[in-house]
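Engineer: Before we start, here is the structure in question, set down as structure tokens.
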Amino acid sequence: MDSFLIKGGVPLHGEVTISGSKNAALPIMAATLLTDEPCVIRRVPDLSDTRFMVKILESLGATARFADGTLTIRAKKIRGYADYELVRKMRGSICIAGPLLARLKQARVSLPGGCIIGARPINLHLKGFAALGAKIEIAGGYVEASAKRLIGASVFLGGRAGPTVLGTANVMMAATLGEGVTIIESAACEPEVVDLANFLNAMGARITGAGSPTITITGVAKLHGAEHEVIADRIEAATFLIAAGATNGEVTLKGARPEHLRAVIDKLNEAGVAVERRGANLVGRRKGKLKSADITTLPYAGFPTDVQAQMMSLLTLAPGISIITERIFEARFMHVSELARLGADIEIEGPSAIVKGGRPLSGAPVMASDLRASAALVIAGLAAKGATQVNRIYHLDRGYERMDLKLQKLGARIERIEEK
Ligand code: EPZ
């Protein structure tokens, strides 16, 4: 398994181009199953997750060509059941269920199961499918949804932690080819949901209200092929802004969408990291001393859970007490013990982590446990004195397009140690 070797203490300087969003690309790629006509998706990030999704779509019968960030795909003739192992391995692939149910009136996929950050059930996805008239069966590790017809209905999709992002995406896609009107209440408002709705409307769907808690889908008989450019990855953008602040550098982001980053920019300002627009670009830099700040993760437009770990790395450097409360996933503090290896002082109290910041970090070997935790360890390694080895970076490669090369371009002393 590859690892990163980082020699810290170098302020990052220069420009970085933000890639397309992984979390927008995955459901958009699944949506191409809704039509038998060709689709062209641009700015698809080259990640292990997107390559995995291509494999899943091909296993269903689609033909795909993925080159230079452009995916040309045609799901001419497909089947309604996906390879058990393929879907089981990547949670995000659950969003093929909605399109298969809509187009074939039958979808059989392996249950995604939990992951290291939480139980992550799909009860709300299934609640939505059932509201449209689908019969749901769970057996042998598979979930099967089938229906003679899908009839538009109203469904409330709020759960334990509020709305569900992929649940909203799945039910929205299932309803596009339903009969009549579907109304999703307590829908997720994430920019990735809006980007998906824009793609579906480009395919001929009739969706209004995406980006608000109430989405209305008027079913149509058929969808056609379409072209679309995926939005910028707001989580990658936030990660580079935080890295600029943590290393006391100045980084210019090209192609980021500031309007998707308001909660992050607000908290960075509070913590002593200035983020400003310069023309079409966004610039992040430290302004004076870092300051402690309290963070609570919330559904969009609140502070994103996918930036919690990276923000914790920054706040370990800020003198004072910062309280970070995770409200979305019940076990998303795997990075805490690894940050402690670098000298951070963090205590976990229920859903909160109490960060006593200001003590300088020093390099050490650490282990990545999940995608965003690995980004947090890279940021801490860049800020730490001495050398840090971040192991198991396959987690990072799932969601960051060649982060090592992008950081090298900003002056970081980082190298990928490839497993022999
Ligand atoms: C999406 O996951 C993202 N993944 C996650 O990003 C992100 O953390 C999450 O949304 C929240 O913003 C992709 O888009 C591929 P949810 P998703 O359903 O849709 C509970 C990353 O780092 N819930 O919005 O799977 C659930 O357990 C990843 O890029 C139910 O209870 O998340 C969680 O506590 C990690 N029942 C909460 O809702 C359900 O049926 C939010 O989950 C569905 C969800």
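The values are calculated or read from the model by the stated rules, or taken from the named source; none is laboratory data. Here the structure is a predicted model, which is why all the values come from computation and not from measurement. Glycine gets a Cβ as well: all are built from the backbone with ideal geometry, and neighbour counts include every protein chain shown. All accessible areas refer to the heavy atoms of the entire protein, side chains included, with ligands and DNA or RNA removed. Shrake-Rupley method; radii C 1.70, N 1.55, O 1.52, S 1.80 Å.
Engineer: Pull up the stretch 388-420, narrow it to residues that are hydrophobic (A, V, I, L, M, F, W, C) and open to solvent by 50 Å² or more (accessible area, probe 1.4 Å), then point me to the one that is farthest from GLY343 (Cα to Cα). Give the steps one after another, and end with the answer.
Structural biologist: Filtering the stretch 388-420 for residues hydrophobic (A, V, I, L, M, F, W, C) gives 390, 393, 396, 403, 405, 407, 410, 412, 414, 417.
Now narrow it down to the ones that are open to solvent by 50 Å² or more (accessible area, probe 1.4 Å): 405, 417.
Values: LEU405: 27, ILE417: 24 Å.
For the stretch 388-420, the residue satisfying everything is LEU405.
Engineer: For the list (1) closer than 26 Å to SER93 by Cβ; (2) assigned to a strand (DSSP E or B); (3) among the polar types (S, T, N, Q), I need the number of the one condition that SER374 fails.
Structural biologist: (2)
Engineer: Oh, and also: Within the stretch 108-129, is even one residue without any contact (Cβ under 8 Å) to a residue 24 or more places away in the chain and either open to solvent by 60 Å² or more (accessible area, probe 1.4 Å) or basic (Lys, Arg) (or both)?
Structural biologist: Initial filter on the stretch 108-129 (without any contact (Cβ under 8 Å) to a residue 24 or more places away in the chain): 114, 121, 126.
Filter again for either open to solvent by 60 Å² or more (accessible area, probe 1.4 Å) or basic (Lys, Arg) (or both), leaving 121.
Yes, the stretch 108-129 contains at least one residue that is without any contact (Cβ under 8 Å) to a residue 24 or more places away in the chain and either open to solvent by 60 Å² or more (accessible area, probe 1.4 Å) or basic (Lys, Arg) (or both).
Engineer: I've got another one for you. Within the stretch 47-61, does at least one residue satisfy the condition of being in a strand (DSSP E or B), open to solvent by less than 20 Å² (accessible area, probe 1.4 Å) and either under 21 Å from HIS395 (Cα atoms) or touching a residue at least 24 places away in the same chain (Cβ under 8 Å) (or both)? If you could, list the steps in order and put the result at the bottom.
Structural biologist: Here is the first cut: in the stretch 47-61, the ones in a strand (DSSP E or B) are none.
No; the residues of the stretch 47-61 include none that is in a strand (DSSP E or B), open to solvent by less than 20 Å² (accessible area, probe 1.4 Å) and either under 21 Å from HIS395 (Cα atoms) or touching a residue at least 24 places away in the same chain (Cβ under 8 Å) (or both).
Engineer: Here's something else I'd like to know. Across the stretch 205-232, what is the number of residues that are open to solvent by less than 10 Å² (accessible area, probe 1.4 Å) and within 15 Å of the ligand (Cβ to nearest atom)?
Structural biologist: Counting residues in the stretch 205-232 that are open to solvent by less than 10 Å² (accessible area, probe 1.4 Å) and within 15 Å of the ligand (Cβ to nearest atom) gives 3.
Engineer: OK, next. Can you tell me which residues in the stretch 305-331 are within 16 Å of the ligand (Cβ to nearest atom) and open to solvent by 20 Å² or more (accessible area, probe 1.4 Å)? Explain how you work it out, then say what you get.
Structural biologist: Start the filter on the stretch 305-331 by keeping residues that are within 16 Å of the ligand (Cβ to nearest atom), which leaves 305-313, 324-331.
Correct list: ASP306, ARG327, ILE328, PHE329, GLU330, ALA331.
Engineer: GLU236 - would you say it is surrounded by fewer than 18 Cβ atoms within 10 Å (Cβ to Cβ), touching a residue at least 60 places away in the same chain (Cβ under 8 Å) and within 30 Å of ARG74 (Cβ to Cβ)?
Structural biologist: Working: surrounded by fewer than 18 Cβ atoms within 10 Å (Cβ to Cβ): no; touching a residue at least 60 places away in the same chain (Cβ under 8 Å): yes; within 30 Å of ARG74 (Cβ to Cβ): yes.
So GLU236 does not fit the description; no.
Engineer: Which residues, taken from the stretch 185-204, are outside any helix (DSSP H, G or I) and open to solvent by 10 Å² or more (accessible area, probe 1.4 Å)? I'd like the intermediate steps shown before the answer.
Structural biologist: Our first condition is that a residue be outside any helix (DSSP H, G or I); within the stretch 185-204, this holds for 185-190, 203-204.
Across the stretch 185-204, the qualifying residues are GLU185, SER186, CYS189, GLU190, GLY204.
Engineer: I've got another one for you. Looking only at the stretch 205-243, which residues are part of a helix (DSSP H, G or I) and over 25 Å from THR70 (Cα atoms)?
Structural biologist: Of the stretch 205-243, the ones part of a helix (DSSP H, G or I) are 234-243.
LEU241, ILE242, ALA243, listed by residue number.
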